[in-house]
Every structure is written in C-alpha cells, then in structure tokens.
Amino acid sequence: MEATIADGLIAIGAGLAVLTGAGTGAGQGVSASGGAQAVGRNPEAEGKIRIMMIIGQAVAESSALYGLLIALILIFTKMSS
Amino acid sequence: MSAIEYYFSQQSEQTMNLLYVAIFLAIVFVVLGKYIDRQEPMKRPSKIMVVIDMYYGFITNLYDSIYKGHCKKTILPYVSMLIIFILTMNWLGLFTGLSAPATDYNVPLGLALISFGFKYAYEFKYVGVVNHMKGYLDPVAVMLPLNLMDIIAKPLSMSMRLFGNLLAGSLILAIFYSAMGGAQNMLFALPVVEGFENPIFNFLGAIVAPPLHFYFDVFSGVIQAFVFTLLTLIFSSIGLDFDDMDEKAKAKQLKEESKQTASVS
C-alpha cells in the first residue's frame, strides 16, 4: 500500500500528541524535588514521604498517558498503511 | 445466533483472562478462608497468618484515614478485594505470559463504574437525593454543565489511568522484544526467513528485558493497584460529611436510650 500525505500528517499529529509528556515530566520533577527536600528536613519520615511522592507522581502521570493513548489510536486506527 | 452465543463471540482474549483471574482468586480465597477458620487464637500464629494480619492492618489503616470508621460493612470488603484483584490482573502477564486483562478498556471501565456506583449509593443514602441534585448547582447555577461533565470525567480519568499504564507497559515490552530479535539477527548474521523476522529463541531479549519487566510489570502494577484503590476511597467519600453523620448517629442512639429508659420506668 502507498503511504499518502494524510498518513504523514497523522504521524506528525501522533508525535505532537506525545508532547503532553513534557508537562508531566516537569510536574513529576517538582514532586520529586519536594520529596527530596522533605527527606532532608525530616529524615525519620522517609517511608511516608516516599509513598506520598510516588502516589502524586502516579496521579500526575495520567496526562502523559492521555497523549500516548491518542497517539496510539491515531497510529493504529487511522493510518491506511 | 442466540444471545449467549453472541455474548461469547464478542469476548476478547483479555476478558477471558479476567475470568481465569476471578476463578483463581475465588479458589485461593475459599482455601484461605478455611485456613483462617482453623487457626487457634491462643497459639503462635503461622507465617501465612502474619501476612494476612499485616494486609488487614494495612487496608484498615487506609480505610480509617479516609472514612473514619463509617460504612465499614460495604466499602471495606470491596476495597480489600480490589487491591488484590488489580494486582493479580497486572501480574498475570509476568507469571503466565497471557496478556494482562486491563489492556482491554472494558475491564478498567467496569471497575471504575463499580467504584462510582458506591459513590452514588452512599450519597443517595446519607446525603439524600434532593440534596445531591442541589449539589450540581453548587456554588452557582451557571456551573451546572461543568458539574454534569464531572460525572463522566472522573470515572473516565480513573479507568484511563489504569488502562493507559498497562497498555503502555505491554506495548513498550513488545516493541523492545522485537527490537532485540532484530538486533540478534544482525549480530549473528542469521538468515531472515520471510514470515519469521523475529527469531524463535530470543535470548538477547531474555538477557536484557528483566529490569524492564521489573519496572513495567512489578513496580507499575503495584503502584496502579494502590492508586486505583486510593482514588476509589477518596472519590466515594468526597460528598459525605462525616461529622454530620456522627451527630445523626449520636442523636439516634440518645433517642433509643431515652425510649428504653421510658419503657423500663
């Protein structure tokens, strides 16, 4: 099958959709830095802080996943070849 | 085609795997229940019993920190089951090689809908249908469309989180294995047969993949199971006013006590 211009545009769109990861990366970085500061200030509560940080990161991750899902849907259902 | 035939013709591989998980867990829990019944409380507990106790303590702490002891008979069994159920689903691919059930969107969507069924049941019971409907006009009546969108958006985001994590993990592992197969073919200059681009014995992937499996299956599976359970607890308790419920329960108790004393005297 020939690849058409529409296929190329779909691929570009999928690439743009995955850019949602940028915001998630920044957010997870902020939460990790907060966790590091909290451990530095209060080393006894390390376990609780780690759990809290990982939960926050897992919730923040969802926006990146929406972008990834949109990219996958574009690639696997819209492309003709 | 009859309705039952149609139902089974629509089953995907993942929903069948979900059925295997459910049957497996049912057997495990029947056996464990018999085992717990046979324990003697005055003797030293066995290792399995200690693990069960720890799990119970963990899940009750989590529940108490959010629900403050309310609705214990309905939400606690569901939540304590949910975390094991999602964990088993996520680890299924690691231990048996079947595809994880949560990579079919119907499975997380169903779980999220059950969780939100709890939310609306509690709100109708403890807040009242009229007050619940008034809540959609909160804080001003202009917010109504946004509040109505919230009904769909919350279960959607909750199920999409589980689905997306599992799908991303399984896809990345599949791409990685096929890349390792290609690398193995190139490294050892094996002839590529049409239709068998991936080598049958992919030992390069087997050497390099375990850390990825550790992250995407073990770590991500635990985190997602925990987060889904925590969000179930938080979302279902968000409309409930526990102080108000406490006061009502106390008033009811006082009324009953005064009734009893009146009947005695």
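The values are calculated or read from the model by the stated rules, or taken from the named source; none is laboratory data. Nothing here was measured: the structure is a model prediction, and the numbers come from that model. In this analysis, Cβ positions are derived from the backbone assuming ideal geometry, glycine residues included, and neighbour counts consider all displayed protein chains.
Worth pointing out:
- Residue match in region B:150-158 (condition: at pLDDT 85 or above and among the acidic types (Asp, Glu)): yes
- Residues of region B:157-190 that are without any contact (Cβ under 8 Å) to a residue 24 or more places away in the chain, within 11 Å of another protein chain (Cβ to nearest Cβ) and surrounded by fewer than 19 Cβ atoms within 10 Å (Cβ to Cβ): B:157, B:171.
- Candidate set from region B:223-239 (those that are within 12 Å of residue B:116 (Cβ to Cβ) and more than 13 Å from chain A (Cβ to nearest Cβ)); member that is modelled with the lowest pLDDT: B:239
- Candidates B:113, B:98, B:146, filtered to the one that is touching a helix residue (DSSP H, G or I) at 6+ places or on another chain (Cβ under 8 Å) and within 30 Å of residue B:242 (Cβ to Cβ): B:113
- Residues that are free of Cβ contacts under 8 Å to residues at least 60 places away in the same chain and closer than 30 Å to residue B:111 by Cβ number at least 3 in the following helices (runs of 4 or more DSSP H) confined to region B:202-263: B:210-213.
- Sole exception among (1) more than 30 Å from residue A:2 (Cβ to Cβ); (2) touching a residue at least 60 places away in the same chain (Cβ under 8 Å) for residue A:78, by number: (1)
- One residue from B:84, B:114 being surrounded by fewer than 18 Cβ atoms within 10 Å (Cβ to Cβ), touching a residue at least 40 places away in the same chain (Cβ under 8 Å) and hydrophobic (A, V, I, L, M, F, W, C): B:84
- Highlighted here are the helices (runs of 4 or more DSSP H) found entirely within chain A that include at least 2 residues which are under 24 Å from residue B:227 (Cα atoms): A:21-41, A:46-60, A:62-73.
- Exactly one residue out of B:110, B:117, B:169 is under 23 Å from the mean Cα position of the chain (by Cα) and either under 19 Å from residue A:70 (Cβ atoms) or modelled with pLDDT under 85 (or both): that is B:169.
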